[in-house]
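A short worksheet on the structure shown next.
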Amino acid sequence: MQKTAQDIIIKPIITERSMEGMEQKKYTFKVDKKANKIEIGKSVERLFGVKVAKVRTMNCKGRFVRQGRTSGYRSDWKKAIVTLTEDSKTIEFFEGMT
């Protein structure tokens, strides 16, 4: 079964550090754990209509959490930092955040 762009890009990550990267046209997303760099780049191009220059990914371990005497770990997840080309337009979704 073919994954759609909405299945690969789960949500944007909005933090102070990711907002600083927007000046260099770097955008951060939470992505599907099984997606590779090529799929992530094509999904961002399809969803936002931009040109992707580079994709960097990292696997993030789930944090240890406790609730009363019950303890466990949150789910592991994957983060992608997408760099756009110089002539590409910006992503409008992030413009309202600054």
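The values are calculated or read from the model by the stated rules, or taken from the named source; none is laboratory data. Remember, it's a predicted structure, so these values are computed and weren't measured experimentally. Please note that ligands, DNA and RNA were not included when accessible areas were found on the heavy atoms of the full protein model with its side chains. Shrake-Rupley method; radii C 1.70, N 1.55, O 1.52, S 1.80 Å.
Some notes on this structure:
- Recomputing P(r) over Cα pairs in 10 Å bins from 0, in percent from the coordinates shown identifies the correct label among (1) 11, 18, 12, 12, 12, 24, 11, 0; (2) 12, 29, 27, 18, 9, 4, 1; (3) 15, 45, 27, 11, 3, 0 as (3).
- Heavy-atom accessible surface of the chain: percent carbon and sulfur, 1.4 Å: 48
- Most fluctuating residue given options F29, F64, F48, as computed from a GNM of the chain linking Cα atoms under 10 Å: F64
- Residues of the chain: accessible area per residue with a 1.4 Å probe, Å²: 73
- The lysines whose alpha-carbon is closer than 18 Å to the alpha-carbon of K61, local same-chain residues fewer than 8 away aside, are K11, K30, K33, K34, K78, K79.
- Most mobile of R17, R63, R46 in a GNM of the chain (Cα contacts under 10 Å): R63
- On Cα atoms only, tilt of 37-48 relative to the major axis of the chain in degrees: 70
- GNM top mover of K61, K42, K11 - the chain, alpha-carbon springs below 10 Å: K61
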